[in-house]
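> The structure is given below, and queries will be raised subsequently.
Bear in mind that the values in this text are calculations on the coordinates, not laboratory data. Quantities reported herein were computed from a predicted structural model and do not represent experimental measurements. We place every Cβ from the backbone using ideal geometry, glycine too, and count neighbours over all the protein chains shown.
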Amino acid sequence: MLADTRTNAGVDNIATFRKLATLEVPGDRVIGVMSAGNLAISQAALHIATETGIKLPNGEMHTLHSVPGIAQAAQLLGEAVREVYRSDGPVLEAQTGEFKVSFLLGGQVGTGPMRLFQVYSAGNFIEATEDTPFFQIGEHKYGKPILDRAASFDTKVSDALKLALISMDSTMRSNLSVGLPIDLMVYRKDSLKIGLQRRIFEDDPYFSNLRREWSDALSRAYRAIPGPDWEF
């Protein structure tokens with residue numbers, strides 16, 4: 001999971017907030033949650049999901065710390081979004097015209113499978129599959145083509161990490177609403193502990209080199225492609 005930290009309410013009101021939340025109970029569960037959209041909505045929903053708790057359809061009260069599986073975690077987060085809508089939705093829609101938030105939730109609980117879900121503003125969700133092995137939320141139109149061309153279900157973790165960073169760099173270059181620092185979390189299946197968690201700043205040696213190498217590689221690639229033989 002990779003998330004930027006820039007939020008804005010206009011060009012003169014830009015701030016930094018963490019959009020990647022992680023929950024780790026070594027040996028029991030690792031859950032990562034990324035958010036996009038209205039910051040107040042996402043923070044309120046996460047507070048409910050991690051602290052207040054939600055009663056699931058089976059009648060039991062749970063938080064992300066206690067749900068018995070990762071699918072139930074996605075269900076719980078969706079219910080938390082609906083709870084925020086019930087309390088704040090009408091006022092927000094009257095003020096701004098929209099109730100906009102989205103989440104990516106992934107990880108593993110106990111001996112259950114590792115799974116990844118995208119949760120929408122309505123509280124419903126979909127799961128990543130072999131055919132659709134990654135999700136992006138927020139401002140992704142500049143970076144998604146890179147993943148569409150190169151990422152697949154069997155991409156190695158090290159290559160997926162490079163692709164995610166290149167995708168994020170491409171988005172940041174073309175969209176001022178996305179910016180450093182960026183937060184990274186890597187989890188390996190069945191480990192039940194976070195493998196890597198890192199905040200990447202402008203002066204990070206690897207990221208700086210990756211940005212430079214990618215720009216140079218693009219320049220070399222387009223120059224190497226023969227030009228059209230059309231007359232003009």
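> In this structure, is residue 217 out of contact with any strand residue (DSSP E or B) (no Cβ under 9 Å at 6 or more places or on another chain), touching a residue at least 24 places away in the same chain (Cβ under 8 Å) and either surrounded by fewer than 13 Cβ atoms within 10 Å (Cβ to Cβ) or of a type in the set (Phe, Trp, Tyr) (or both)?
So residue 217 does not fit the description; no.
> Still on this structure, I have one more. Quick one: which of 77, 64, 104 is in contact with a strand residue (DSSP E or B) (Cβ under 8 Å, 6 or more places away or on another chain), part of a loop (DSSP other than H, G, I, E, B) and not charged (D, E, K, R)?
Exactly one of 77, 64, 104 is in contact with a strand residue (DSSP E or B) (Cβ under 8 Å, 6 or more places away or on another chain), part of a loop (DSSP other than H, G, I, E, B) and not charged (D, E, K, R), namely 64.
> Within the stretch 44-53, does at least one residue satisfy the condition of being in contact (Cβ under 8 Å) with a residue 60 or more places away in the chain and hydrophobic (A, V, I, L, M, F, W, C)?
No, every residue in the stretch 44-53 fails to be in contact (Cβ under 8 Å) with a residue 60 or more places away in the chain and hydrophobic (A, V, I, L, M, F, W, C).
> Yes or no: residue 27 on the phi > 0 side of the Ramachandran plot, part of a loop (DSSP other than H, G, I, E, B), in contact (Cβ under 8 Å) with a residue 40 or more places away in the chain and not β-branched (Val, Ile, Thr)?
yes
> Considering each of 210, 147, 165 in turn, give the residue that is touching a helix residue (DSSP H, G or I) at 6+ places or on another chain (Cβ under 8 Å), touching a residue at least 12 places away in the same chain (Cβ under 8 Å), over 24 Å from residue 127 (Cα atoms) and aliphatic (A, V, I, L, M).
One residue alone meets the criteria, 210.
> Which condition does residue 227 not pass, out of (1) touching a residue at least 12 places away in the same chain (Cβ under 8 Å); (2) assigned to a loop (DSSP other than H, G, I, E, B); (3) of a type in the set (Gly, Ala, Ser), if it passes all the others?
(1)
> Within the stretch 30-47, take every residue that is in contact with a helix residue (DSSP H, G or I) (Cβ under 8 Å, 6 or more places away or on another chain) and not in a helix (DSSP H, G or I) and give me the one that is surrounded by the fewest Cβ atoms within 10 Å (Cβ to Cβ).
Filtering the stretch 30-47 for residues that are in contact with a helix residue (DSSP H, G or I) (Cβ under 8 Å, 6 or more places away or on another chain) and not in a helix (DSSP H, G or I), the one surrounded by the fewest Cβ atoms within 10 Å (Cβ to Cβ) comes out as 36.
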